[in-house]
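*Asks:* Mind looking over this structure? Questions follow.
The values are calculated or read from the model by the stated rules, or taken from the named source; none is laboratory data. Keep in mind that what you see is a predicted model, and the values were worked out from it rather than measured. Heads up, the Cβs are rebuilt from the backbone with ideal geometry, glycines too, and the neighbour counts pull from every protein chain shown.
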Amino acid sequence: MLDLTHTAPKPRVIAGAKHDWELVIGMEIHAQVSSNAKLFSGASTSFGAEPNSNVAFVDAAMPGMLPVINEFCVEQAVRTGLGLKAQIHLASAFDRKNYFYPDLPQGYQISQLYHPIVGEGEVLVELSPGVARLVRIERIHLEQDAGKSIHDMDPNLSFVDFNRTGVALMEIVSRPDIRGPEEAAAYVTKLRQILRYLGTCDGNMQNGNLRADVNVSVCRPGQYEKYQATQDFSHLGTRCEIKNMNSMRFIQLAIDFEARRQIAILEDGGSIVQETRLYDPDRNETRSMRSKEEAHDYRYFPDPDLLPLEIEQAWVDHIAATMPELPDAKKARFMSDFGLTDYDANVLTADLESAGFFEAVAKGRDGKQAANWVINELFGRLNKEGRAIVDSPVSSVQLGGILDLIASGEISGKMAKDLFEIIWTEGGNPAEVAAARGMKQVTDTGAIEQAVDEIIAANPEQVEKAKANPKLAGWFVGQVIKATGGMANPATVNALVAAKLGL
Amino acid sequence: MSANTWTIAAARDALRKGEITAVDLTMSCLTAIDAGDGLNAFVHKTPDIALDQARAADVRLAAGDAPAMCGIPLGIKDLFCTKGVPSQAASNILKGFRPEYESTVTARLFGAGAVMLGKLNMDEFAMGSSNETSCYGDVVNPWKVDGRKLTPGGSSGGSASAVAADLCIAATGTDTGGSIRQPAAFTGIVGIKPTYGRVSRWGIVAFASSLDQAGPMTKTVRDAAIMLGAMCGHDAKDSTSADIPVPDFEAALTGDIRGKVIGIPREYRMDGMPDEIEALWQKGIAMLRDAGAVVRDISLPHTKYALPAYYVIAPAEASSNLARYDGVRYGHRAKLSAGDGITEMYEKTRAEGFGPEVQRRVMVGTYVLSAGFYDAYYNRARKVRALIKRDFETVFADGVDAILTPATPSAAFGLGEMSNADPIEMYLNDIFTVTVNLAGLPGIAVPVGLDRQGLPLGLQLIGRPWDEAGLLNHAHVLEKAAGFVAKPDKWW
Amino acid sequence: MAIDIDTARKVAKLARIRVDEADLPKLAGQLSGILGFMEQLNEVDVTGVEPMTSVTPMRLKRRADVVTDGNQQAAVLKNAPDAREGFFAVPKVVE
């Protein structure tokens, strides 16, 4: 079993002018399902296409067009639910959420209000070793994404593109269990990591494939505990929803601003109006979205074009049987199998590619050494060049080859770094490259002994000094290595110098 | 007799024997259509397409590769999207709309070699029972009394009028609450609404998705069997289309219903129902009994609530289905004044584009789905719907094979006669037909006689789910026994 | 349930159909009449009855995750009242 014992972090407390306040945050994450085609049409989901080119007549809501569901999207929702230890509902249904907006061609969004496909689950969000927040998931449902309106191409017109319309989203709804801006960002990071492990969403926030609606309220210390004890929301403050956030940094800034705005109103004797707000990063403030406010009556009802979605337990079991190892389990295994520190294990399990790379290097080798090389040398170098692990010029096999040469004593650590550089720029089999370049540390004691003898003989004054102060023996070691063209094994040289000097 | 008066069966046989070409048959219909403008049935004529298709049909006929519908000229209700041809659902909001796609039903028919003569008038978005809500104006029934113009019924009024007046051999219709059966009864023709899911809805402008079904409107039951066979079948593009085999409906017309059990629902005997309707019903009962069927009184206790349930569910679905007509992607967009924004564009476009009945139903639907009323209206109506369906399931489980009822509470009434009536009075036209849509069952209207004024009256047979074959056979027996051969006097 | 003029105005707004103030009383009256007709449903005992979900019970059809549609910008825009540079154009939307 995984050891997930932890203590809960302290909530963020903001000191108001009059007294202290705590934050209460719930999130709705919209994660785009990594499918080829849309949820209810056969149009492509690819990003960056010509406007209105990834559009089927269904997506443009042409008269008489009908939805047919993409089974892969259903499977990904189930997989995500299993990854969040959630209930999978064998019977779910699609509802229409009705509202008028130019980027919503049907005049309704097909979603799942009454019977979502996934029920309650949880996410463990670690904030530091042993300190973690268990965030409860309320539900996950499948729904259609809207299109995109562009407002800055013409002074009097908005331009509408339906490429995104109908792309499958999983809306992952948390309970209000998040207690501060950092926790919110950590929650999104963890959820994103899990989704990427599962392969159900690519997590690309820049393209909007993962976006968050953040519900923020503030309350006096002690109120939240009353809520948790009773699940009665009346103990909490009125919330505002900040829509459509796709940057970890902005999520934190927006929450902080919104909390302070609410505190200022409350301390001034005012009350919070429940509303939808938009974060403006240029001004670092949130403002009310009036357009979304008027006539908030979505008239949900079951979509008569679709039948209830019934899935079989055997199918769910089959998906469960093909689940990958998830981040928490992988991290625990890396720590126990490879002796990694908590920090190193976090870094190496941040994404599947890094974890896979590390594991390939570490397998059958010194795990700690492999971790050092992957984190310090490889990641350091990749970061410097702004490259991703999948584009690494040095493969796990090559890096493993370098580590093997160190382990067998054939090259020194210094040589290994040089060799890494060569492999990075020129490629090749490390053993062959080392051989071709004569990169071989001398371990033949005879040759080294000769060099040591020569240097001792040529430097009687240094010998005296070293005998008086053994720390100065290092000078001889350096001279010997220099004399052997850097090829001598430093450990061997050390031992010989010490012996010859009688230290 | 001019070829446009033929049935599908007669035309098929003549085409196959080479007694007529599809082009000549089509020409005869095109001539009748041009002479029939006074009926206002055809709203977009497509003679070029028709002749191209007829020529292609003649090639297939000559090659011996001719399905039953090959070369048969049809009228197509304006609710069907037909590629490149105006498809407006008789609404101004779809003004100028020419779909870039072909509905599954028309694609199947044309694939079988059928010929499209043009698009047929209807009530706007299929909402109406008198064909007076069309943006193209009223359709006129070819049957007339004392020189008075009568409604052909609705919403498939153009289809009914065109078939009854022999402007085409047959036509497509759609039926959400009786829109095939009521106009068929008003014009003395046959109309069948198949089991929900039998015919694909893809490419048919949606009115109420859980109730809409397309079906044929024909001169005889045999024609209905032939044409239905070509229209139905599984469609992967419609999630509600059933993946079950399509039997040979025509082969099912054995004329033998001996021992079959016919249910007569007592709840369909409405207060104030005209004597003539009651007499017609009794006549039908006698005909089926004479043919060897066992007639049994049955009870469908929730019948009374079908109409109110229907008028919650259909407008609710319609209010959502019609949200897409917003002036953004196709059809009408209102001219805007300075300072008008997107909301004004929506509101003006929809006010100008939708007629009064459509507006009324969209607003009723909006209201019953709105916060606080959903359970009281919509969910309650869905529960009542479940009970109505259960009523039918019970009698079928008790061994009833088909149910005989009147098709309409009256014969065709005068155009404009109901214009000042309460909307509810118009809705009462659907009283015998809506139960069938709510329960998803197949239902057929068959002309059985004439009333005192000489207007056609029809009876309705309701079948078990998916048993269109049996239903058609019962209808075939009734049709034979009734021997209805009357035709309207040509005045147009 | 009688619909008052305010409710009629609200419903028209929600349905995005412009109704002149002068026409609201008539609309309210008609809606009241229709809704009154529906009140009959309250006579039915629906205790324990599940709302009907699908007319004909079937397994919901599924598609494979294959791109089979799209790449038809011209056809999508063909019927548009106002299309520019590959987009649908509408009066400016203020967020």
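*Asks:* Which condition number in (1) farther than 28 Å from B:Gly197 by Cα; (2) within 7 Å of another protein chain (Cβ to nearest Cβ); (3) of a type in the set (A, V, I, L, M, F, W, C); (4) in a helix (DSSP H, G or I) is the one that C:Ala8 fails?
*Replies:* (2)
*Asks:* Please list, ordered by residue number, the helices (runs of 4 or more DSSP H) wholly in region B:422-492 having 3 or more residues that are at pLDDT 95 or above and more than 19 Å from the chain's Cα centre (by Cα).
*Replies:* Working: elements: B:423-427, B:434-439, B:468-482.
Answer list for region B:422-492: B:468-482.
*Asks:* Among the residues of region B:216-228, which ones are outside any helix (DSSP H, G or I), farther than 23 Å from A:Leu66 by Cβ and within 13 Å of the chain's Cα centre (by Cα)?
*Replies:* Within region B:216-228, B:Met217, B:Thr218 meet the criteria.
*Asks:* Output yes when any residue across region B:322-329 is away from chain A (no Cβ under 14 Å) and either surrounded by fewer than 24 Cβ atoms within 10 Å (Cβ to Cβ) or not acidic (Asp, Glu) (or both), and no when none is.
*Replies:* no
*Asks:* Suppose the filter is within 14 Å of chain B (Cβ to nearest Cβ), in contact (Cβ under 8 Å) with a residue 12 or more places away in the chain and out of contact with any Asp or Glu (no Cβ under 6 Å at 6 or more places or on another chain); does A:Leu309 pass it?
*Replies:* Yes: the conditions hold for A:Leu309.
*Asks:* Next question. Checking the structure you have, find out if any residue of region B:379-394 is under 21 Å from B:Thr303 (Cβ atoms), away from chain C (no Cβ under 14 Å) and touching a Phe, Trp or Tyr at 6+ places or on another chain (Cβ under 8 Å).
*Replies:* No, region B:379-394 contains no residue that is under 21 Å from B:Thr303 (Cβ atoms), away from chain C (no Cβ under 14 Å) and touching a Phe, Trp or Tyr at 6+ places or on another chain (Cβ under 8 Å).
*Asks:* Checking the condition within 14 Å of another protein chain (Cβ to nearest Cβ), more than 19 Å from the chain's Cα centre (by Cα) and not hydroxyl-bearing (Ser, Thr, Tyr), which residue from B:Pro308, B:Pro315, B:Pro247 passes?
*Replies:* B:Pro308
*Asks:* A further question follows. In region C:1-34, which residues are under 14 Å from B:Arg360 (Cβ atoms) and surrounded by fewer than 16 Cβ atoms within 10 Å (Cβ to Cβ)?
*Replies:* C:Asp23, C:Lys26, C:Gly29, C:Gly33
*Asks:* Being within 10 Å of chain A (Cβ to nearest Cβ) and touching a helix residue (DSSP H, G or I) at 6+ places or on another chain (Cβ under 9 Å) narrows it down to one residue among B:Ser299, B:Ser370, B:Ser337; which is it?
*Replies:* Answer to the selection: B:Ser370.
*Asks:* Anything in region A:437-446 that is surrounded by 13 or more Cβ atoms within 10 Å (Cβ to Cβ) and assigned to a helix (DSSP H, G or I)? List them, or say none.
*Replies:* A:Thr445
*Asks:* For region A:191-205, how many residues meet the condition of being part of a helix (DSSP H, G or I) and farther than 19 Å from A:Ala77 by Cβ?
*Replies:* Of the residues in that region, 0 qualify.
*Asks:* Tell me, yes or no, whether region A:141-149 has at least one residue that is under 30 Å from B:Val362 (Cβ atoms), at pLDDT 95 or above, surrounded by fewer than 22 Cβ atoms within 10 Å (Cβ to Cβ) and of a type in the set (A, V, I, L, M).
*Replies:* yes
*Asks:* Considering every residue within region A:108-122, establish whether at least one is within 14 Å of chain B (Cβ to nearest Cβ), part of a loop (DSSP other than H, G, I, E, B) and buried (at least 20 other Cβ atoms within 10 Å of the Cβ).
*Replies:* no
*Asks:* Quick one: count up the residues across region A:344-377 that are under 23 Å from A:Pro324 (Cβ atoms) and either assigned by TED's automatic domain parsing to the domain that holds A:Gly199 or of a type outside the set (Asp, Glu) (or both).
*Replies:* Count: 22.
*Asks:* Being small (Gly, Ala, Ser) and assigned to a loop (DSSP other than H, G, I, E, B) is the filter; apply it to region C:44-74 and report the residue that is farthest from the other protein chains (Cβ to nearest Cβ).
*Replies:* C:Gly48
*Asks:* Follow-up. Could you count how many residues in region B:413-433 are within 13 Å of chain C (Cβ to nearest Cβ) and closer than 30 Å to C:Thr53 by Cα?
*Replies:* Applying the first criterion (within 13 Å of chain C (Cβ to nearest Cβ)) to region B:413-433 yields B:420-428, B:430-431.
Going one step further and asking which of them are closer than 30 Å to C:Thr53 by Cα, we end up with B:423-428, B:430-431.
Matching residues across region B:413-433 total 8.
*Asks:* Working only within region C:85-95, note down all residues that are within 7 Å of chain A (Cβ to nearest Cβ), under 26 Å from B:Arg98 (Cβ atoms), free of Cβ contacts under 8 Å to residues at least 12 places away in the same chain and of a type outside the set (A, V, I, L, M, F, W, C).
*Replies:* C:Pro91, the sole residue that qualifies.
*Asks:* Another question, then. Restricting to region A:36-52, and then to whatever is within 13 Å of A:Gly166 (Cα to Cα) and surrounded by fewer than 22 Cβ atoms within 10 Å (Cβ to Cβ), can you tell me which residue is nearest to the other protein chains (Cβ to nearest Cβ)?
*Replies:* Let us first name the residues in region A:36-52 that are within 13 Å of A:Gly166 (Cα to Cα), namely A:36-46, A:52.
Keeping just the survivors that are surrounded by fewer than 22 Cβ atoms within 10 Å (Cβ to Cβ) gives A:36, A:42, A:46.
On the way: A:Asn36: 5, A:Gly42: 3, A:Ser46: 8 Å.
By that ranking, first place goes to A:Gly42.
Every residue, every condition in (1) assigned by TED's automatic domain parsing to the domain that holds A:Val347; (2) in contact with a helix residue (DSSP H, G or I) (Cβ under 9 Å, 6 or more places away or on another chain); (3) among the hydroxyl-bearing types (Ser, Thr, Tyr); (4) not in a helix (DSSP H, G or I), yes or no:
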{"residue": "A:Ile406", "(1), (2), (3), (4)": "yes, yes, no, no"}
{"residue": "A:Ile411", "(1), (2), (3), (4)": "yes, yes, no, yes"}
{"residue": "A:Leu419", "(1), (2), (3), (4)": "yes, yes, no, no"}
{"residue": "A:Gln450", "(1), (2), (3), (4)": "no, no, no, no"}
{"residue": "A:Glu461", "(1), (2), (3), (4)": "no, no, no, no"}
{"residue": "A:Lys467", "(1), (2), (3), (4)": "no, yes, no, no"}
{"residue": "A:Lys471", "(1), (2), (3), (4)": "no, no, no, no"}
{"residue": "A:Phe476", "(1), (2), (3), (4)": "no, yes, no, no"}
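*Asks:* Next question. Just checking, which of B:Gly118, B:Gly137 is over 16 Å from the mean Cα position of the chain (by Cα), among the small types (Gly, Ala, Ser) and part of a strand (DSSP E or B)?
*Replies:* Every option except B:Gly118 fails the conditions.
*Asks:* Could we say that B:Pro265 is more than 26 Å from B:Tyr378 (Cα to Cα), touching a strand residue (DSSP E or B) at 6+ places or on another chain (Cβ under 6 Å) and either without any contact (Cβ under 8 Å) to a residue 60 or more places away in the chain or away from chain C (no Cβ under 14 Å) (or both) here? Spell out the reasoning first.
*Replies:* On the way: more than 26 Å from B:Tyr378 (Cα to Cα): yes; touching a strand residue (DSSP E or B) at 6+ places or on another chain (Cβ under 6 Å): yes; either without any contact (Cβ under 8 Å) to a residue 60 or more places away in the chain or away from chain C (no Cβ under 14 Å) (or both): yes.
For B:Pro265, the condition - more than 26 Å from B:Tyr378 (Cα to Cα), touching a strand residue (DSSP E or B) at 6+ places or on another chain (Cβ under 6 Å) and either without any contact (Cβ under 8 Å) to a residue 60 or more places away in the chain or away from chain C (no Cβ under 14 Å) (or both) - is met.
*Asks:* Are any residues in region B:296-321 out of contact with any Gly (no Cβ under 8 Å at 6 or more places or on another chain) and of a type in the set (A, V, I, L, M), and if so, which ones?
*Replies:* Of all residues in region B:296-321, those out of contact with any Gly (no Cβ under 8 Å at 6 or more places or on another chain) come to B:299-309, B:311-313, B:321.
Residues satisfying the conditions are B:Leu300, B:Ala306, B:Leu307, B:Ala309, B:Val312, B:Ile313.
*Asks:* Continuing with the same structure: For region B:344-367, which residues satisfy the criterion of being more than 7 Å from chain C (Cβ to nearest Cβ) and surrounded by fewer than 22 Cβ atoms within 10 Å (Cβ to Cβ)?
*Replies:* B:Glu344, B:Glu352, B:Gly355, B:Pro356, B:Glu357
*Asks:* Might you let me know whether region B:208-215 holds any residue that is surrounded by fewer than 24 Cβ atoms within 10 Å (Cβ to Cβ), more than 14 Å from chain A (Cβ to nearest Cβ), outside any helix (DSSP H, G or I) and at pLDDT 95 or above?
*Replies:* The answer is no, given that none of the residues of region B:208-215 is surrounded by fewer than 24 Cβ atoms within 10 Å (Cβ to Cβ), more than 14 Å from chain A (Cβ to nearest Cβ), outside any helix (DSSP H, G or I) and at pLDDT 95 or above.
*Asks:* Mind checking which residues of region A:76-96 are buried (at least 21 other Cβ atoms within 10 Å of the Cβ) and either more than 21 Å from the chain's Cα centre (by Cα) or closer than 30 Å to A:Leu157 by Cα (or both)?
*Replies:* A:Ile88, A:His89, A:Ser92, A:Ala93, A:Phe94, A:Asp95, A:Arg96
*Asks:* Sticking with this one: Name the one entry in A:Gly400, A:Gly427 that is modelled with pLDDT of 85 or more, under 30 Å from A:Leu352 (Cβ atoms) and touching a helix residue (DSSP H, G or I) at 6+ places or on another chain (Cβ under 6 Å).
*Replies:* Values: A:Gly427 fails: touching a helix residue (DSSP H, G or I) at 6+ places or on another chain (Cβ under 6 Å).
Within the list A:Gly400, A:Gly427, the selection yields A:Gly400.
*Asks:* Tally time: how many residues in region C:2-32 are within 26 Å of B:His332 (Cα to Cα) and small (Gly, Ala, Ser)?
*Replies:* 4
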